[in-house]
1. Report the per residue volume, in Å³, of the convex hull enclosing the C-alpha atoms of the chain.
2. Pull out the extension gain between ALA74 and ASP126, defined as 0.36 nm times the separation in residues minus the alpha carbon to alpha carbon distance; nm, one decimal.
3. Roughly how many nanometres apart are two label points built 7 Å out from the Cα toward the Cβ at LEU17 and HIS202?
4. Where the only charges are on Cβ atoms (+1 Lys, Arg; -1 Asp, Glu), what is the dipole of the chain about its Cα centre, to the nearest 20 debye?
5. Just to be sure I understand the model, the point goes 7 Å from the Cα along the line to the Cβ. What's the resulting ASP186 to GLU56 distance in nm?
6. What ranking of MET179, MET8 emerges when the number of other C-beta atoms within 10 Å of each C-beta is taken as an exposure proxy, fewest first?
7. Mind checking which of ASP172, ASP18, ASP186 has the largest fluctuation in a GNM of the chain, springs on alpha carbons under 10 Å?
8. Calculate, in nm to one decimal, what ALA42 and LYS113 gain on full extension: separation in residues at 0.36 nm each, minus their alpha carbon distance.
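Just so it is clear, none of the values below were taken in a lab; they were calculated from the coordinates. All values derive from a computational prediction rather than experimental measurement. Using ideal geometry, Cβ is built from the backbone for each residue, glycine included, and neighbour counts are taken over all protein chains shown.
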Amino acid sequence: MSMTQDEMKRLAAKAALDYLPDGGVIGVGTGSTVNHFIDLLAPLKGRFEGAVSSSEASTERLKAIGMQVIDLNAAGELEVYVDGADESNKHFHLIKGGGGALTREKIIAGASKKFVCIADETKLVDVLGKFPLPVEVIPMARSFVARELTKLGGTPVWRENFVTDNGNLILDVQNLEIMEPVKLEDRINQIPGVVTVGIFGHRPADVLILGTPNGPRILE
Ligand code: 5RP
């Protein structure tokens with residue numbers, strides 16, 4: 001059966017509904033896969049007190065389905081966070097930030113007991129890095145951070161005409177073969193001016209749900 005990438009994303013989003021708690025506050029990520037998840041959440045929304053959102057875009061969509069959006073400071077630890085990814089390896093280390101929401105995503109993932117990652121099957125890779133690694137930087141540090149990233153072997157490209165929800169910039173680092181995600185995450189985080197690197201190594205996903213033409217494939 002042939003299936004589009006978008007249909008596979010929707011399958012993964014649907015399977016994530018089984019991981020939701022009976023009530024309370026849930027964490028909701030950002031991106032086209034999560035947009036499917038928010039659509040599918042609409043009929044269930046009465047069950048939850050609300051959601052913590054990882055971006056202004058998801059906040060808007062959550063409000064549109066009538067879900068209350070709650071500040072993370074008022075929510076405490078979350079049972080479940082559902083979000084997409086740009087790449088995952090078999091250890092559930094991720095590259096995220098294709099949509100530029102990586103900082104808030106990393107905060108919410110860190111504040112959640114279970115991170116359910118939803119994606120189509122093409123996102124599972126042997127080695128992270130084919131997808132350009134997003135790095136959020138303070139605007140005045142852009143050129144300096146770019147030079148430092150070049151020293152690490154990457155080719156940073158400024159995502160022009162894009163400002164994050166936090167008022168910062170994104171460098172997309174090409175040509176990396178990320179053999180040791182946790183080490184590289186630490187290394188890039190130490191460059192002054194870096195807000196967040198899009199490697200989720202210290203806080204990987206707990207469950208990876210991949211949409212495939214044969215149905216959802218669940219890795220735990
Ligand atoms: C946004 C993200 C997204 O999860 C990632 O880009 C995947 O997006 P999509 O579901 O559209 O493929 O990290 O910052």
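1. So the per-residue Cα hull volume is 118 Å³.
2. Details: separation 52, 0.36 × 52 = 18.72 nm, distance 3.86 nm.
This chain segment gains 14.9 nm when fully extended.
3. Once both label points are built, they end up 3.6 nm from each other.
4. Working: 23 positive and 29 negative charges, 33 e Å.
For the chain, the charge dipole is close to 160 debye.
5. Inter-label distance under the simple model: 3.6 nm.
6. Details: MET179 10, MET8 23.
Starting with the residue having the fewest Cβ neighbours, the order is MET179, MET8.
7. Result for the chain, Cα springs under 10 Å: ASP18 fluctuates most.
8. Computed gain between ALA42 and LYS113 is 23.3 nm.
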